[in-house]
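Down below is the structure, laid out as structure tokens.
The values are calculated or read from the model by the stated rules, or taken from the named source; none is laboratory data. All of these numbers come straight from a predicted model, not from anything done at the bench. Backbone-built Cβ (ideal geometry, glycine too); neighbour counts: all protein chains shown.
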Amino acid sequence: MRAQGYLAFTVGICLTAWACLFAMETQDRQIADRFGRDTDKVARDTEARLKTYFDTLLAIRGTFAVHGPASRADFHRYVSELRLTDRYPGFQAIQWVLRVPEAELAGHVAGVRADTGVLPGGYPGYRIHPTIVRGEHFPIVYNEPMAGNENAFGLDLAALPAHLRALELGRDTGELVATERITLVQDASGQPGFIARLPVYRKNAPLDTVEQRRAALVGFVAIVFRMTDLMREVIDPQMLGHLHVVIHDTGYMQDDAGLAPAIDGLMFDSAGKLGGRREARTTVPGLLSKAVLNVGQRRWLVQVAGYDGARYGRDEGTIWLIGGCGFLISALIGVLLVTLQRRRALAQTLRAALEEQGALQDSAVVGIGLFSDGRIIRCNRGMEEMLGYPHGALAGRPTATLVQHGHAGPDPFVCGPGGQRMHRELELARRDGGSMWCIVNGRMLDRQAPDKGCVWVLCDISDRRRTEAALGNSLAELARQKAQVDAAHRELSDALDRLRQAQDTLVTSEKMASLGALVAGIAHELNTPIGNSLLTATALGDMVTDFRRQLDGPGVRRSALEAHLDDAKTACGIIAGSLGKAADLITSFKQVAVDQASDQRRPFALADVVRDTLATFAAQLRRAGCAARVDVPDSLDFDSYPGSVSQVLSNLINNALLHAFEGRPHGLVTIAARPLGEDMAELRFTDDGVGMSDRTLHQIYDPFFTTRMGQGGSGLGMNIVYNIVTGILKGTIRVESTPGSGTTVVITLPRSVTQAQAA
């Protein structure tokens, strides 16, 4: 009977589905017919409107054929009478394109400039553009209305390949010809357009052959169209809201095979402005119409699709109503048939469920039993196997059988007052005399009738208890190992503190050694000017003694006096120069020494600090054959720590002298700086030495790392530089080097460092 109910429901659903499909097919036919009428109307309206517009060109050509080309004033009046804005809103302009041979081009330009038929001042700015050299030209001479179309006035169409081909085709055929899709020079919006032109020949000239038409050509009358305006006028706006119209120009009709529709030939798309924001609407599948129009000997492919909506969309309400009613009727019939056998099915299901419940209890790996008044009423096979009893042996036994001998206290298999759920761990006795640990959970079967007993579930946890005992031993061992690790950590911390103290001591020694080297260098530099001064002073004393002897004698000649004065002047100049050089060295040394010793923040010029630091290394650089080049602007000022900057430069110079020029007789060190915005500056220290390997470059900032250990390298120079730059000066540092290509140290520093930042 149930199968009959399902069969009735299935048949009803099938009939409902057939009715829905029939309704949808009927609606689709109606939609297709409506869409066909709409697309035919779009094609007819487009052809009719273009024919009306092209008839205007035929009328103008007829006027020119009878009376000859009109003057500018007559052309202007003629177009004004047409009232383009009101009667022909699709027109952008009406033009007269004149054929001008190369030999007559200058006279033509002069004539247009002097034409005062419309403007009293003529057109003094008229020119042919773009400029090309060819046998004949086709400039746009009349351009009405002129306002908004000034860019096209004087445009030589012979210079534009697309226009030239259309002109030549129209000239040879004598028929109206349209251009391909173009962007109008007078239209700043960049929207597509096209131009329809009709050739005008000399009055009474024979036009039977192509050669005769070419010889008789005077010019072309043309209409300029902007496609968006044209199609918005042709297609009913209400209709346009339901249709997606796309027009492509696919080439000339005379070509055997038209071009495939492409974006370059897209003339019109009703979905939105080309290159701008476009509508995102869904079209109805299958509603697509294509038509080919001959527009001025151009093949236009018009594709129309219908939007899903009120006009071309299905009436889903009717379909849903048919489907809903059919489904409801089918369901009622099926339910009525199925209900007749429900009681018999329920009885069979209940019997099967009880059998399955008993099988599930017996197959469970946990023990399940019903205990009441201290006795086991019944239990599953799992409890009997867990405790080692044969099937049926536990039923009727007292619950004390399950408890270990010697257990004192009340019966553990009693639920709490009020029938609360009980949960505990118990050590139970097996039949073979062994014991096992179990988690027991008990719950009263019926709180309203406590005599029915409690249901208890037993789960064997003996393995877990053994694992917990082993885990306790492991935790104790882990605690002992942790205590040993803590002691080792304290010892390592103490060793690290001592290592840091030793490092600080070495850094201080490195700074003092640098200052000692600075003093030695200054002493060596002072030796030469002071020695020169002493030698010159001694020679000057000898000259004074000799002069005194001559003065005490018979007399002193004028020439001797002048020679003595010249020698004295020369000696004084030597002494003054040597002592001045010594004074400069001492001044530089004092400034560098004071800055490095005090390390106080003050305003300073970076160029002065660089020069003072280099002055203290003059002797070492000279002995190493190393030249120094400085490119630091004098206007680059800092409010920072000049002593730290000098210390960085000193370490970099020492590092270069020690490592960069090994095995080389000469070298070059370059110090350059430049501002980075208003608040930052970049300092570059470059040498052309041997460079560094990737491994050395990776470890360059590590303390005590040096490639000259035991040969003058302490391994702290670049570590001190890094700490000063990133700590005191609040800057960044990076090193760029490859073997054989020298090394560049790039330091980026803030030009002003506050006391809080430095701290």
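Within the stretch 53-87, the set of residues being at pLDDT 85 or above and in a loop (DSSP other than H, G, I, E, B) comprises A70, S71. When you check S474 against the structure, is it at pLDDT below 85, under 58 Å from the mean Cα position of the chain (by Cα) and among the small types (G, A, S), yes or no? Judged against the criteria, S474 is not a match.
For the structure I just gave you, tell me whether S635 is surrounded by 18 or more Cβ atoms within 10 Å (Cβ to Cβ) and closer than 20 Å to R602 by Cα. Answer is no for this residue. With respect to the conditions (1) in contact (Cβ under 8 Å) with a residue 24 or more places away in the chain; (2) loosely packed, with under 13 Cβ neighbours inside 10 Å, A8 lacks only one, and its number is (2). Determine whether the stretch 225-233 contains at least one residue that is touching a helix residue (DSSP H, G or I) at 6+ places or on another chain (Cβ under 8 Å), surrounded by 19 or more Cβ atoms within 10 Å (Cβ to Cβ) and assigned to a helix (DSSP H, G or I). Yes.
Filter the stretch 602-645 down to the residues that are of a type in the set (G, A, S) and touching a strand residue (DSSP E or B) at 6+ places or on another chain (Cβ under 9 Å) and list them by number.
Result: A605, A607, A618, A624, G625, A627, A628, S635, S640.
When H405 is tested against (1) modelled with pLDDT of 80 or more; (2) under 20 Å from M386 (Cβ atoms); (3) not in a strand (DSSP E or B); (4) not acidic (D, E), exactly one condition is not met: (1). A search for C-beta distances below 6 Å between a residue of the stretch 658-676 that is farther than 22 Å from L716 by Cβ and in contact (Cβ under 8 Å) with a residue 24 or more places away in the chain and any residue that is surrounded by fewer than 16 Cβ atoms within 10 Å (Cβ to Cβ) and acidic (D, E), counting only pairs 6+ apart in sequence or on different chains, returns A672/D631; R674/E682; L676/E682.
For the stretch 367-390, check the following and say yes or no: at least one residue is surrounded by 15 or more Cβ atoms within 10 Å (Cβ to Cβ), modelled with pLDDT under 85 and part of a loop (DSSP other than H, G, I, E, B). Looking through the stretch 367-390, none of the residues is surrounded by 15 or more Cβ atoms within 10 Å (Cβ to Cβ), modelled with pLDDT under 85 and part of a loop (DSSP other than H, G, I, E, B).
Considering only residues that are among the polar types (S, T, N, Q) and part of a helix (DSSP H, G or I), look in the stretch 332-366 and name the one that is nearest to E385 (Cα to Cα). Result: S363. Among the residues of the stretch 176-188, is any assigned to a helix (DSSP H, G or I), more than 16 Å from R226 (Cα to Cα), assigned by TED's automatic domain parsing to the domain that holds F75 and not basic (K, R)? Scanning the stretch 176-188 turns up no residue that is assigned to a helix (DSSP H, G or I), more than 16 Å from R226 (Cα to Cα), assigned by TED's automatic domain parsing to the domain that holds F75 and not basic (K, R). Taken together, the residues in the stretch 98-145 that are surrounded by 17 or more Cβ atoms within 10 Å (Cβ to Cβ) and farther than 21 Å from G68 by Cα amount to 3. Tell me whether the stretch 549-568 contains one or more residues that are surrounded by 11 or more Cβ atoms within 10 Å (Cβ to Cβ), modelled with pLDDT of 80 or more and under 18 Å from S644 (Cα atoms). No: zero hits. Looking only at residues of the stretch 88-119 that are among the aliphatic types (A, V, I, L, M), in a strand (DSSP E or B) and modelled with pLDDT of 90 or more, we find that the one that is nearest to R49 (Cα to Cα) is I94.
Close Cβ contacts (under 6 Å, 6 or more residues apart or on different chains) running from residues in the stretch 116-127 that are assigned by TED's automatic domain parsing to the domain that holds N143 and more than 16 Å from L155 (Cα to Cα) to residues that are among the acidic types (D, E) and surrounded by 10 or more Cβ atoms within 10 Å (Cβ to Cβ) comprise G122/D115. Note on the stretch 651-681: among residues that are modelled with pLDDT of 90 or more and closer than 16 Å to I728 by Cα, the one that is surrounded by the fewest Cβ atoms within 10 Å (Cβ to Cβ) is M680.
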